[in-house]
Amino acid sequence: MMEPQDNIEEDDTAASAPPPRSLPRQRVSLQKSSVCSRSYFMVVMVFFHVYIINVIALLLYVHYNNDTGASNPQTPADSGFPRNMHLPRIEGIRVGHVQKVSLVPGKVHEMKTLSLKPLLFEIPEFLSEEECGVVVHLAKLKGLMESQVMVPEGQEELNQQLNLSPEEIFNFLDLNQDGQLQPHEVLRDGIWLTSENLKEIYDGLKVDQDGNGLLNLEEFRHLKSDAFQRFLLQRGVERSQLVRNSRHTWLYQGQGAHQVLQDLRKRVTHLTRLPSSLVELSEPLQIVRYEQGGHYHAHHDSGPVYPETACTHTRLAANTTSPFQTSCRYITVLFYLNNVEEGGETTFPVADNRTYEEVSLIQNDVDLLDTRKHCDKGNLRVKPIKGTAVFWYNYLSDGRGWVGEQDEYSLHGGCVVTRGTKWVANNWINVDPDYQRQARYQQDKQPEIYAIVKDNATVPNVDI
């Protein structure tokens, strides 16, 4: 009787035992396999997308590296120039930051950041007193001429040769493309106008029929391109009414020039850290003298470059026929050659402004462009101190080591000299924003750099 009972208990125990776990193990195994499959799929897709992104990035890199050459079909031979030259750009860090720079053997100069917009620096004692005296003396020996001609000769004949219609001239003058010509757009580097001057001119020429102080296209059709300048000349114009009231000359700095001039150019090369070929092929040194009352209203040293414009220095090498040119001055280096008794500061009206708007330059009867009356209203003024140099970038970087867009904050001018005389010198470094045009220009000009005729530019060494 006991055996069957034991057997029954064994059977009950077996019946009450949990079911075998083989099925759950199989399901868990299937779930893990599914997760692994999804993870593998996601990894493959990530690598695939990374590969596609790299391919796209490579294509974009090739496209933009060749974009400059492709945008100038008139110079197909230039497409072969490799981009093996770049433009170093000095960091400003912050306003007031001082950097140590070595420009001449045995001496360390201090370079102070004056603004970040534009990127502007000041270097005291860039020239010695003796060097300043030599440059001034050489300029006097060469002879100075008026810095501004009030009426450009042959302007009307040039327009006829170019066969420009009134619409084309109007659109070129209308800088902001608002369909109206403001006084500064008509005169550009001509004669400085007040609202009273403008009303007198409009009345004399019998234009501005709607009396709004602006010229539209229909009103402009009745004018010749130099009508304003000729009208003012007939009425009599004082030198103080000119946009620029000064005298200037140019001094060659290449081989055979006075040693001080050659040393100065080498110093500029070290200061800007640019390739020496760019500096050597740029404009000669300009010397300017401002007498009492002399001034230069706020302006940009170089204009924006549009597809239809050409740089003055590379125009011939590029074989372009565009009638619209700009100077393409990448960097300005300005030297003060004497201490001015009173006035004569260099003003940067919108330095480090949060924004730049042309219409905001004239507000509440204060014209920031007018350096005769409102120089003290600008954001930054640099006092002329003998031997000091200031330099700034007129263009931004394109992000690839070359010239980008114009830096509108580089607007600057020369405050009126209220007492004494002011002597300054300008070294402009010319660079074409079109890399291929600049490369072709350097290739064409570099063998000739020491063959330039210097008879009219070189003067004998003098002791001051």
Q.
Between a residue in segment 394-419 that is in contact (Cβ under 8 Å) with a residue 60 or more places away in the chain and within 15 Å of residue 346 (Cα to Cα) and any residue that is open to solvent by 10 Å² or more (accessible area, probe 1.4 Å) and part of a helix (DSSP H, G or I), which pairs come within a Cβ distance under 8 Å, given they are 6 or more apart or on different chains?
A. 413/375; 415/375; 416/375
Q: Kindly list, by first and then second residue, each pair from a residue in segment 98-115 that is under 14 Å from residue 391 (Cα atoms) to a residue that is among the polar types (S, T, N, Q) and in a strand (DSSP E or B), limited to pairs with Cβ atoms under 6 Å and residues at least 6 apart or on different chains.
A: 111/99
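Evaluate the following for residue 383: is it among the basic types (Lys, Arg), in the same structural domain as residue 344 (by the TED database) and more than 24 Å from residue 263 (Cβ to Cβ)?
Numbers: among the basic types (Lys, Arg): yes; in the same structural domain as residue 344 (by the TED database): yes; more than 24 Å from residue 263 (Cβ to Cβ): yes.
When the stated conditions are applied, residue 383 passes them.
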Q.
Tell me the residue from 188, 83, 94 that is open to solvent by 50 Å² or more (accessible area, probe 1.4 Å), farther than 24 Å from residue 383 by Cα and modelled with pLDDT of 75 or more, please.
A. 83
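Across segment 144-181, what is the number of residues that are within 21 Å of residue 289 (Cα to Cα) and either at pLDDT 95 or above or open to solvent by 40 Å² or more (accessible area, probe 1.4 Å) (or both)? Walk me through it before giving the result.
Filtering segment 144-181 for residues within 21 Å of residue 289 (Cα to Cα) gives 144-150.
Next, only the ones that are either at pLDDT 95 or above or open to solvent by 40 Å² or more (accessible area, probe 1.4 Å) (or both) stay: 145-146, 149-150.
Counting residues in segment 144-181 that are within 21 Å of residue 289 (Cα to Cα) and either at pLDDT 95 or above or open to solvent by 40 Å² or more (accessible area, probe 1.4 Å) (or both) gives 4.
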Q: Return the pairs, sorted by first residue and then second, in which the second residue is β-branched (Val, Ile, Thr) and surrounded by 21 or more Cβ atoms within 10 Å (Cβ to Cβ), the first residue lies in segment 336-365 and is under 18 Å from residue 117 (Cβ atoms) and at pLDDT below 95, the beta carbons are less than 7 Å apart, and the residues are 6+ apart or on different chains.
A: 356/350
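The values are calculated or read from the model by the stated rules, or taken from the named source; none is laboratory data. Everything quoted here is computed from the prediction, not taken from an experiment. FYI the Cβ positions are ideal-geometry reconstructions off the backbone, even for glycines, and counts take in every protein chain you see. Calculation scope for accessible area: heavy atoms of the full protein, side chains included, ligands and nucleic acids excluded. Shrake-Rupley method; radii C 1.70, N 1.55, O 1.52, S 1.80 Å.
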